[in-house]
Amino acid sequence: MRPLLFLASFGLALSTSLNASEPISVDLKVRLNQPAKAISSNLFGIFYEDLNYAADGGLYAELVQNRSFEYSALEQPDWNALSFWEVSLEGDGQATLIVDGGRPIHQNNPKYGVFKVEDPGGKAAIRNRGFNGISIDKGESYNLSLFARQLYKGNRWSPDTLDEKPLGLLARLLNSEGETIAEAPLPESGNEWSKLETTLVAKKSAIAGQLEIIATEAGGIALDMISLFPNDTYQGHRNGLRKDLAQTIADTKPQFMRFPGGCLVHGNGIGNFYNWKHTIGPIEERRGQPNLWGYHQTGGLGYFEYFQFCEDMGAIPIPVVAAAVSCQNSGHTAGSGQSCIQLEELDLYIEDILDLIEWANGPADSTWGSKRAAAGHPEPFGLKFLGVGNEDKITPEFEERFTLIYDAIKNAHPEIVVIGTVGPSPDGTDYEEGWRISNKLDLEIVDEHYYQSPDWFWQNLERYDSYDRSKATVYLGEYAAHDQGRKLTLRAALAEAAYMTSLERNGDIVGMASYAPLLAKLGNTQWNPDLIYFDNQTVYPTISYEVQKLFGQSQGDEYIHSDYTGIHQRFTASTVRNSQTAQLYTKLVNGSENPIKLAIDFDTAAKFTTDATITTLTGNPLAENTFENPNSVQTHSKKASIIQNHLDINMPPYSLLVVTVNGRPAKNFSN
Ligand code: AHR
């Protein structure tokens, strides 16, 4: 049965005018004695895009910025290959750092630094200040690695001959005052590129530390891929993820992760597509490129690391590839910037997509599966879903290319579910045309996107009730309530929560949903609001994050019908059950200024007493959790007893409550 909310939406309950603090009485009947509706068990997950420094300087735990001397003015006008590096001299020290490209480690990584030391003097060193400083924790170990090649013989620069005494290197971590807080020598290198490694153990902490590489002799040395990672990464992986940030994401219990974008995928013109092949293998062989959002993307956090992160979180991996057309806003054109791969070149492009499937799922002795195995994962990753396109402008060129790509994938891999795309809005031409193509090709899933006001979300709780169940299911790949000034308010978060109850109710047609965007580094944002903010030391989850976490941690695969009376327009509820654990979750959202006296009846026929936990998120509707005030709205949990199926709750104004009922047998809940 559909909740009586619809009656309210059509004006019934609106006829009552209420004073602000006057409580409203609501009777909610959770129909446990009626058959439940099967819904998606993968409803809530995450959408990760490398936007707002989400990867380099963010989730990717690398601490050195511009580690391979590939930054360029294409990314930011005042950047060059030496950005974020400087030479530090003391006493008689004489040295320079220049950029060269004659004999790189790999063609994908064409530039490197050349450190020429005429006199090591008091000190001749190069320094890197990381991403707004390097954050260092006392007692922690940091793994430094770099590639080096000796260059200097006597006074002649030569790549092929060594000086009798090769230039030696010493590594240090410095705190903000320039004090040495860790030090270790590096092994000697030869006249071919070799990887040098050492561990630095910090004696003190630093907020804005630096890495220093000191020359102990005069000479010349080529340096590249100078990399510093904390030893303590998420799940302890090398080339890993920042632990606190990855854990904050994992705490939402995402059922899936879509990556790596967003607009990032189809790029700023076809030359700027995200090319997954450039992001696998040894990091010194990956090819960085300008990120569409205006910074450098190393590819160090690449496809292997994304799939591994999914596996660590128990999330289904959903990579997205471009539909052979670029972002419609390429070149800041506001909708007219779509360019396309020529049809003659499409086969090559399609081959890359098929290679991706083999890389993820193929046996360890297949061409691409062997590269996955060489990276340490002989078992297949179990790729099932592949997004093709991202809210593209639905032009004839798009349709032709999408269809060819779709047919090629389905011919070669009928087991892969291709996710189509229906534009950047909840309606309009791209939406309609996208759905037309979906219906024509009989797609299984399409990706909808919309960023709207909190009111829009409250007013559209019925959106999916009328969707045709015989057509594609929906992946709501990007959504967020944008309040005035794009603030991170409780009001916006509650509108999202209300909408998520409607997604649960429609979990038979909405298969997946993810808030967007996920991550943002303070001071480096290109898009607001985002779900999780962070700086180098601290993670600042927003109130919307608390909502995502509450829903993520209480997902079910059965929707329990309910109805309610005495309601008004800003109340909504949903109940789901997890058939594996038998846990029952009732979500209640009050988006109004009135408290609600809620009487929940779990079933008229059932008689039981059981324990429940009520988790509440409430506060001032305009409150925000920001770095200045990270805890202005927090969740609180308390125990409750459901006595003879009945639970009375006083819901505060502007609140989300999740009632968790433990341990009833899934099939005989009402007996
Ligand atoms: O989530 C931020 C951006 O919003 C995504 O890159 C794009 O898909 C959408 O327009």
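The values are calculated or read from the model by the stated rules, or taken from the named source; none is laboratory data. Note that the structure is a prediction, hence the values are computed from the model and not measured. Positions of Cβ are generated from backbone atoms using ideal geometry, with glycine treated the same way; all protein chains shown enter the neighbour counts. Heavy atoms of the whole protein, side chains included, go into the accessibility calculation; ligands, DNA and RNA do not. Shrake-Rupley method; radii C 1.70, N 1.55, O 1.52, S 1.80 Å.
Can you put I643, I596 in order of accessible area, largest first, using a 1.4 Å probe? Present the calculation step by step, with values, prior to reporting the outcome.
Details: I643 100, I596 0 Å².
I get I643, I596, largest accessible area first.
Nearest 0.05, what FRET efficiency do T429 and D455 give at R0 = 30 Å with Cβ-Cβ as r?
0.80
Given axes a ≥ b ≥ c from the Cα gyration tensor, I'd like to know whether the range 555-604 is rounded (a/c under 1.5), prolate (a/b larger than b/c) or oblate.
Since a/c reaches 1.5 and a/b is larger than b/c, the shape of the range 555-604 is classed as prolate.
Using modelled amide H (1.01 Å from N, peptide plane; none on Pro or chain starts), what sits under 5 Å from the amide H of S579, excluding residues fewer than 5 places away?
D557, E558
Treating cross-link reach as a plain straight distance, find the lysines whose alpha-carbon is under 19 Å from the alpha-carbon of K597, omitting any fewer than eight places away in the same chain.
Partners within reach: K29, K587, K638, K639.
Kindly write out, for the range 424-440 in residue order, the coupling ³J(HN,Hα) from the Karplus curve 6.51 cos²θ - 1.76 cosθ + 1.60 (θ = phi - 60°), rounded to whole Hz, with x marking Gly and Pro.
x, 9, x, 7, x, 4, 5, 4, 5, 5, x, 5, 4, 5, 4, 5, 5
Which far-off residues, 5 or more places away or on another chain, put their amide H under 5 Å from the one on T421, with H placed in the peptide plane?
D447
Using a basic spin-label model with each label point 7 Å from the Cα along Cα→Cβ, how many nm lie between E593 and A73?
About 5.7 nm separates the two model spin labels.
With label points built 7 Å along Cα→Cβ from the Cα atoms of Q580 and L622, find their separation and express it in nm.
Each label point is offset 7 Å from its Cα along the Cβ direction, giving 4.4 nm.
Skip the ligands, DNA and RNA, and give the accessible area per residue of the range 315-468 with a 1.4 Å probe, whole Å².
Values: 6300 Å² over 154 residues.
Computed with neighbouring chains in place, this is 41 Å² per residue.
Determine, at each q value in 0.09 (inverse angstroms), the log₁₀ of I(q)/I(0) that the Debye formula gives when each Cα of the range 85-230 is one equal point scatterer.
-0.26
For E593, E285, E217, write out the residues from largest to smallest accessible area, computed with a 1.4 angstrom probe and no ligands counted.
From most accessible down to least: E593, E285, E217.
Per residue of the range 458-467, what does 6.51 cos²θ - 1.76 cosθ + 1.60 with θ = phi - 60° give for ³J(HN,Hα)? Whole Hz please, x for Gly and Pro, Karplus curve as stated.
Once rounded to whole Hz, the list reads 5, 7, 10, 5, 9, 3, 8, 4, 9, 5.
Could you please state how large a percent of the accessible area of the chain is carbon and sulfur, counting protein chains only and using a 1.4 Å probe? Walk me through the intermediate numbers first.
Working: 12150 of 25410 Å².
Looking at the chain in its full context, I get 48 percent from C and S.
When a/c reaches 1.5 or more, the comparison of a/b and b/c decides; with that in mind, is the range 178-282 rounded, prolate or oblate per its Cα gyration tensor?
Numbers: a/c = 2.52, a/b = 1.45, b/c = 1.74.
Here the range 178-282 falls in the oblate category.
Check which residues have an amide H placed less than 5 Å from Y60's amide H, if you skip close sequence neighbours.
For Y60, the qualifying residues are R242.
Based on the Cβ-Cβ distance of E192 and T367, what FRET efficiency does E = 1/(1 + (r/R0)^6) give at R0 = 30 Å, to the nearest 0.05?
Values: r = 28 Å, r/R0 = 0.94.
That pair, E192 with T367, gives E of 0.60.
With a 1.4 Å probe and all protein chains kept in place, how much accessible area does S25 have, in Å² rounded to the nearest 10?
Around 70 Å² of this residue is reachable by solvent.
Name all residues of the range 521-554 having a backbone nitrogen under 20 Å from the label point set 7 Å from the Cα of D312 along its Cα→Cβ direction, giving them as ranges.
521, 531-541, 549, 553
Can you give the accessible area per residue of the range 85-230, in Å², using a 1.4 Å probe?
Values: 6240 Å² over 146 residues.
Ligands and nucleic acids excluded, the figure is 43 Å² per residue.
Calculate, for N33 and Q634, the FRET efficiency according to 1/(1 + (r/R0)^6) with r their C-beta to C-beta distance and R0 30 Å; round to the nearest 0.05.
Values: r = 36 Å, r/R0 = 1.21.
Once rounded, the FRET efficiency stands at 0.25.
Give, as ranges by residue number, the residues of the range 166-194 whose backbone N falls under 17 Å from the point 7 Å along Cα→Cβ of E90.
169-185
Work out from phi, with θ = phi - 60° and the Karplus expression 6.51 cos²θ - 1.76 cosθ + 1.60, the ³J(HN,Hα) of each residue of the range 532-549, listed in order in whole Hz, and give x for Gly and Pro.
Once θ is set to phi - 60°, the couplings for the range 532-549 become 9, 9, 7, 10, 5, 10, 10, 10, 10, x, 8, 5, 4, 4, 4, 5, 4, 5 Hz.
Kindly identify the chain as rounded, prolate or oblate by the Cα gyration tensor criterion: order the square roots of the eigenvalues as a ≥ b ≥ c, call it rounded if a/c is under 1.5, otherwise compare a/b with b/c, prolate if a/b is larger, else oblate.
Details: a/c = 2.37, a/b = 1.75, b/c = 1.35.
Judged from the Cα gyration tensor, the chain comes out prolate (a/c at least 1.5, a/b above b/c).
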